[in-house]
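**Student:** Take a look at this one; I'll ask things after.
The values are calculated or read from the model by the stated rules, or taken from the named source; none is laboratory data. This structure is a prediction, so every number in the text was calculated from the model and none was measured. For neighbour counting, all protein chains shown are included, and Cβ atoms are generated from backbone atoms with ideal geometry for every residue, glycine included.
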Amino acid sequence: MEAIDNKGLILALDELEKEKGIKKEYLLEAIDTALITAYKKNFEAENVDVHIDRKTGATHVYSVKEVKEKIEDENTDISIKDAKKINPDAKEGDTVEVEIIPKEFGRIAAQTAKQVIVQKLREAERDILFSEFNDRKGEIVSGLIQKADGNAVIMDLGKLEGVMPLKEQIPTESYHVNDKIKGYVLDVERGAKGAPQVIVSRSNPDFVRKLLEFEIPEIYEGVIEIKSVSRDPGNRSKVAVYSPDPNIDPVGSCVGQKGVRIQNIINELNGEKIDVIEWDEDPSVYIVSALLPAKILAVDIKEEEKFAQVIVPDDQLSLAIGKAGQNVRLAVKLTGWKIDIKSETQFREMLENASKEEQEEAIDDTGNKEETEE
């Protein structure tokens, strides 16, 4: 009994393995499974097995039958005598595979194999793209805007689609179809149909970090280190930089001559202001820098609580706090310290009130003492 011939299949799968890196055995197992489903669907059979010869590509179809002393159904049962012709060790209750050659199944098998190969090729290409872009997490990509309707922005990244959700957009920016923009690869996810989808952000603080790395060679080379970034997207960012080399001015290197280096980043962010400050291991010095451009009179540090009481001149209070609290909020994010700002007048009043309370407590204590003695 001859199997269904499919000589070119193995050669084709060998070529696919070389060109696409998809294992031949993986494809053959998938085709085997699909052929069983196809046979059951087209021939209304249940107990069948289909197997492709790994060397010749020939398709073998088997009817799986149970060995019985008395046959009840010829489609599902086989006598012990006939079973032993296939397997000499067969006994009642075992199952044996009887090879069959169904009409028309050759054409169905060829179509099924083609469909499986096409499907697995698509899946493999998706997996390759997923791995490629998954390795690019944390990088900057450029793409053309395909859709911008006030919700998620869809970008053409060449091989894949990029999605910039509303929360990852800069609130002060507007996006238009066919505009070319840059974004930070936040994550790579599987889409509804299994296709990889790149999640892009322009509002993430690390977008600013990566732009600085791209623009400033000293950061990329590791001569200057970005210690921290805090950001109010579209309005202002604060960046703390440091260099272990005392001969290098980290702030000056980042800003560049006449501010040209930092201006390129500001332009990319459509005018978002960027304050570059020098990181210092002394929290008092670091906090003073973080609150620039405000002038600071004094900083009182409580290490255990990571709390800083900051005193500023009266005319510097609004500058230190910033519009809607922006300056102090960014300084808190940048340093990781809780910061409470008081003007010089407020601080003096606070001290005076504290002194009065102490005096009142002292008087109460004295009065209580006299009553006790009486």
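**Student:** Can you confirm whether the stretch 275-295 contains a residue that is assigned to a strand (DSSP E or B), exposed (fewer than 15 other Cβ atoms within 10 Å of the Cβ), of a type outside the set (G, A, S) and touching a residue at least 24 places away in the same chain (Cβ under 8 Å)?
**Tutor:** Within the stretch 275-295, none of the residues are assigned to a strand (DSSP E or B), exposed (fewer than 15 other Cβ atoms within 10 Å of the Cβ), of a type outside the set (G, A, S) and touching a residue at least 24 places away in the same chain (Cβ under 8 Å).
**Student:** Let me ask something else. What strands (runs of 3 or more DSSP E) lie completely within the stretch 56-170 and have 1 or more residues being touching a Gly at 6+ places or on another chain (Cβ under 6 Å)? Please lay out each step first, then the result.
**Tutor:** Working: elements: 59-68, 77-79, 95-100, 140-148, 153-156, 161-164.
In the stretch 56-170, 140-148, 153-156, 161-164 are the strands (runs of 3 or more DSSP E) which contain 1 or more residues that are touching a Gly at 6+ places or on another chain (Cβ under 6 Å).
**Student:** On to the next question. All but one of (1) of a type outside the set (D, E, K, R); (2) surrounded by 16 or more Cβ atoms within 10 Å (Cβ to Cβ); (3) modelled with pLDDT of 95 or more hold for S343; state the number of the condition that does not hold.
**Tutor:** Just one mismatch for S343, condition (3).
**Student:** Same structure again: Looking only at the stretch 41-52, count how many residues are in a loop (DSSP other than H, G, I, E, B), surrounded by 13 or more Cβ atoms within 10 Å (Cβ to Cβ) and either free of Cβ contacts under 8 Å to residues at least 24 places away in the same chain or out of contact with any Lys or Arg (no Cβ under 8 Å at 6 or more places or on another chain) (or both). Spell out the reasoning first.
**Tutor:** Here is the first cut: in the stretch 41-52, the residues in a loop (DSSP other than H, G, I, E, B) are 44-47.
Filter once more, keeping what is surrounded by 13 or more Cβ atoms within 10 Å (Cβ to Cβ): 45, 47.
Now drop any that are not either free of Cβ contacts under 8 Å to residues at least 24 places away in the same chain or out of contact with any Lys or Arg (no Cβ under 8 Å at 6 or more places or on another chain) (or both), which leaves 45.
Going through the stretch 41-52 one residue at a time, the tally reaches 1.
**Student:** Identify all residues within the stretch 127-159 that are in contact with a Pro (Cβ under 6 Å, 6 or more places away or on another chain) and farther than 24 Å from V208 by Cβ; write none if there are none.
**Tutor:** Result: L129, F130.
Conditions (1) within 30 Å of D280 (Cα to Cα); (2) at pLDDT 95 or above; (3) over 20 Å from the mean Cα position of the chain (by Cα); (4) surrounded by fewer than 19 Cβ atoms within 10 Å (Cβ to Cβ), marked per residue:
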{"position": "E139", "(1), (2), (3), (4)": "yes, no, no, yes"}
{"position": "E168", "(1), (2), (3), (4)": "no, yes, no, no"}
{"position": "V188", "(1), (2), (3), (4)": "no, no, no, no"}
{"position": "A195", "(1), (2), (3), (4)": "no, no, no, yes"}
{"position": "F207", "(1), (2), (3), (4)": "yes, yes, no, no"}
{"position": "I219", "(1), (2), (3), (4)": "yes, no, yes, no"}
{"position": "I226", "(1), (2), (3), (4)": "yes, yes, yes, no"}
{"position": "S237", "(1), (2), (3), (4)": "yes, yes, yes, no"}
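**Student:** Would you mind finding the one in K114, K55, K68 that is modelled with pLDDT of 80 or more, surrounded by 13 or more Cβ atoms within 10 Å (Cβ to Cβ) and out of contact with any strand residue (DSSP E or B) (no Cβ under 7 Å at 6 or more places or on another chain)? Break it down into steps so the answer makes sense when it comes.
**Tutor:** Values: K55 fails: surrounded by 13 or more Cβ atoms within 10 Å (Cβ to Cβ); K68 fails: out of contact with any strand residue (DSSP E or B) (no Cβ under 7 Å at 6 or more places or on another chain).
From the options K114, K55, K68, the qualifying one is K114.
**Student:** Ok, one more. Looking at S237, S228 in this structure, which one is assigned to a strand (DSSP E or B), farther than 23 Å from A152 by Cα, among the small types (G, A, S) and in contact with a Phe, Trp or Tyr (Cβ under 9 Å, 6 or more places away or on another chain)?
**Tutor:** On the way: S237 fails: in contact with a Phe, Trp or Tyr (Cβ under 9 Å, 6 or more places away or on another chain).
Exactly one residue qualifies, and that residue is S228.
**Student:** Quick test of your reading of the structure: I140 fulfils all but one of (1) in contact with a helix residue (DSSP H, G or I) (Cβ under 6 Å, 6 or more places away or on another chain); (2) within 30 Å of G8 (Cα to Cα). Name the failing condition by number.
**Tutor:** (2)
**Student:** If I filter the stretch 22-40 for residues that are in a strand (DSSP E or B) and closer than 21 Å to E99 by Cα, do I get at least one hit? Talk me through it step by step, then tell me what you get.
**Tutor:** Pass one, the stretch 22-40, residues in a strand (DSSP E or B): none.
Checked against the condition, which is being in a strand (DSSP E or B) and closer than 21 Å to E99 by Cα, the stretch 22-40 yields no hits at all.
**Student:** Further question on the same structure: If you scan the stretch 240-261, which residues turn out to be in contact (Cβ under 8 Å) with a residue 40 or more places away in the chain and in contact with a strand residue (DSSP E or B) (Cβ under 8 Å, 6 or more places away or on another chain)?
**Tutor:** A240, C254
**Student:** Test V188 against the stated conditions and say whether it is out of contact with any Leu (no Cβ under 8 Å at 6 or more places or on another chain) and either free of Cβ contacts under 8 Å to residues at least 12 places away in the same chain or within 27 Å of E19 (Cβ to Cβ) (or both).
**Tutor:** On the way: out of contact with any Leu (no Cβ under 8 Å at 6 or more places or on another chain): yes; either free of Cβ contacts under 8 Å to residues at least 12 places away in the same chain or within 27 Å of E19 (Cβ to Cβ) (or both): yes.
Yes, satisfied.
**Student:** Shifting gears a bit: Please find, within the stretch 296-340, the residue that is nearest to I277 (Cα to Cα) out of those that are of a type in the set (K, R) and in contact (Cβ under 8 Å) with a residue 40 or more places away in the chain.
**Tutor:** Residues of the stretch 296-340 of a type in the set (K, R): 302, 306, 323, 329, 333, 338.
Filter once more, keeping what is in contact (Cβ under 8 Å) with a residue 40 or more places away in the chain: 329, 333.
Working: R329: 16, K333: 14 Å.
Looking at residues that are of a type in the set (K, R) and in contact (Cβ under 8 Å) with a residue 40 or more places away in the chain, I get K333.
**Student:** With respect to I154, determine if the residue is at pLDDT 90 or above, of a type outside the set (D, E) and under 13 Å from the mean Cα position of the chain (by Cα).
**Tutor:** On the way: at pLDDT 90 or above: yes; of a type outside the set (D, E): yes; under 13 Å from the mean Cα position of the chain (by Cα): no.
So I154 does not fit the description; no.
**Student:** On to the next question. Could you grab me the full set of residues in the stretch 49-76 that are of a type in the set (A, V, I, L, M) and within 44 Å of the chain's Cα centre (by Cα)? Walk me through how you get there before you give the answer.
**Tutor:** Let us first name the residues in the stretch 49-76 that are of a type in the set (A, V, I, L, M), namely 50, 52, 58, 61, 64, 67, 71.
Of everything in the stretch 49-76, those that are of a type in the set (A, V, I, L, M) and within 44 Å of the chain's Cα centre (by Cα) turn out to be V50, I52.
**Student:** Next question, about the same structure. Could you say which residue among A90, A113, A109, A124 is within 16 Å of E29 (Cβ to Cβ) and touching a Lys or Arg at 6+ places or on another chain (Cβ under 9 Å)?
**Tutor:** Values: A90 fails: within 16 Å of E29 (Cβ to Cβ); A113 fails: touching a Lys or Arg at 6+ places or on another chain (Cβ under 9 Å); A109 fails: touching a Lys or Arg at 6+ places or on another chain (Cβ under 9 Å).
Only one candidate passes the filter, namely A124.
**Student:** Out of all the residues in the stretch 322-336, which are on the phi < 0 side of the Ramachandran plot and surrounded by fewer than 21 Cβ atoms within 10 Å (Cβ to Cβ)?
**Tutor:** Residues of the stretch 322-336 that are on the phi < 0 side of the Ramachandran plot, as a first pass: 323, 326-335.
Answer for the stretch 322-336, where residues must be on the phi < 0 side of the Ramachandran plot and surrounded by fewer than 21 Cβ atoms within 10 Å (Cβ to Cβ): K323, Q326, V328, R329, V332, K333.
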